[in-house]
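The values are calculated or read from the model by the stated rules, or taken from the named source; none is laboratory data. Quick caveat, the model's predicted, so the values are computed rather than measured. Backbone-built Cβ (ideal geometry, glycine too); neighbour counts: all protein chains shown. All accessible areas refer to the heavy atoms of the entire protein, side chains included, with ligands and DNA or RNA removed. Shrake-Rupley method; radii C 1.70, N 1.55, O 1.52, S 1.80 Å.
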Amino acid sequence: MNLVPDIAELATEILRSRSEQRQIPLMTTRPGGLSLDQAYRVSVLIEDARTRQGERPLGRKIGFTNRTIWKEFNVSAPIFGTMYDTTVRPLGAAFDASSLMEPRIEPEIAFQLAAPPRPWMTPAELIGCISGVCAGFEMVQSIYKDWRFSGADTVAAFGLHGAFLHGPVRDLPPAERPDWIARLSTFRTTLRRNGTVADQGHATNVLGGGPLVALGHLVDLLAGMPDTAPLKAGDIVTTGTLTRALPVCPGEAWQARFDGLPLAAIEIELV
């Protein structure tokens, strides 16, 4: 007998997991399993449900663009999820880490779009669609115990998105765009916990070429998914962690620097 997962039931279970802060068994190991295409169908139902509940989609987070962590998390390609007005905010106030399940922190570069990018654009064309750049901390969580999952599991589970806490958005005037193309492929990142270096990363950790490459990958991926909303002007797109995704605890202070980019260091305190 070929078992087919009930997509609507899975979406309801995942939403309940989030509201109750209760971890659940993997989707992919259940009878019938869960394919990547089915997982994205689950994510569409989840976005519809959250929108009906009053949340407003603000853009997308791209996950697993850092190839150096693929083996650790049993994935082999980037994924994406939706971000909302309830999960994206400027840095400033302390963040309640207990609001997420097994939270981890990821320093990332994000873009704000001036226009929707088209598939197969070059970096020079892509940057023309960007109005602003910022650095931020993607706070990720796992509804599956001990961060053990496959790619399809993560897609269904909000793309692991918990929150995106960002620094000031720097305008990107046309005259500066050529310089940004070069900088976005060569900068370095240092992540500190309580003043001590926790990890370091390089732009090339992100799909071999940096955040613009990640944006292009997402645009190309969405072009083949007619049931998923495309990117639009005003959207925020995070481009994936530059370091390992590290566990966090209340009482910690984290800082990230982005050497080679004209962006100030970002800091956050966890409670």
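Go through the stretch 186-211 and count every residue that is part of a helix (DSSP H, G or I) and among the hydroxyl-bearing types (Ser, Thr, Tyr).
Matching residues across the stretch 186-211 total 1.
Among the listed residues Ala110, Ala93, identify the single one that is among the small types (Gly, Ala, Ser) and touching a residue at least 24 places away in the same chain (Cβ under 8 Å).
Ala110
Out of the residues in the stretch 36-67 that are out of contact with any strand residue (DSSP E or B) (no Cβ under 7 Å at 6 or more places or on another chain) and of a type in the set (D, E, K, R), which is surrounded by the most Cβ atoms within 10 Å (Cβ to Cβ)?
Filtering the stretch 36-67 for residues that are out of contact with any strand residue (DSSP E or B) (no Cβ under 7 Å at 6 or more places or on another chain) and of a type in the set (D, E, K, R), the one surrounded by the most Cβ atoms within 10 Å (Cβ to Cβ) comes out as Arg41.
Which residue pairs have Cβ atoms closer than 9 Å, lie 6 or more positions apart in sequence or on different chains, and pair a first residue in the stretch 254-267 that is of a type in the set (S, T, N, Q) with a second residue that is crowded, with 20+ Cβ neighbours inside 10 Å?
Gln255/Leu191; Gln255/Ile266; Gln255/Ile268
For the stretch 234-271, which positions are open to solvent by 60 Å² or more (accessible area, probe 1.4 Å) and part of a loop (DSSP other than H, G, I, E, B)?
Arg244, Cys249, Pro250, Gly251, Ala264, Val271
Taking the condition of being open to solvent by 40 Å² or more (accessible area, probe 1.4 Å), of a type in the set (Ser, Thr, Tyr) and assigned to a helix (DSSP H, G or I), how many residues in the stretch 16-35 meet it?
1
Looking at Glu102 and the list (1) of a type in the set (D, E, K, R); (2) part of a strand (DSSP E or B); (3) open to solvent by 30 Å² or more (accessible area, probe 1.4 Å), which single condition is not satisfied?
Of everything listed in (1) of a type in the set (D, E, K, R); (2) part of a strand (DSSP E or B); (3) open to solvent by 30 Å² or more (accessible area, probe 1.4 Å), Glu102 misses just condition (2).
Go through (1) closer than 30 Å to Asp179 by Cβ; (2) among the aliphatic types (A, V, I, L, M); (3) part of a loop (DSSP other than H, G, I, E, B); (4) open to solvent by less than 10 Å² (accessible area, probe 1.4 Å) for Met121 and report which single condition fails.
Met121 satisfies all of (1) closer than 30 Å to Asp179 by Cβ; (2) among the aliphatic types (A, V, I, L, M); (3) part of a loop (DSSP other than H, G, I, E, B); (4) open to solvent by less than 10 Å² (accessible area, probe 1.4 Å) except (4).
Do you know which of the residues in the stretch 127-185 that are among the charged types (D, E, K, R) and not in a strand (DSSP E or B) is surrounded by the most Cβ atoms within 10 Å (Cβ to Cβ)?
The residue in question is Asp153.
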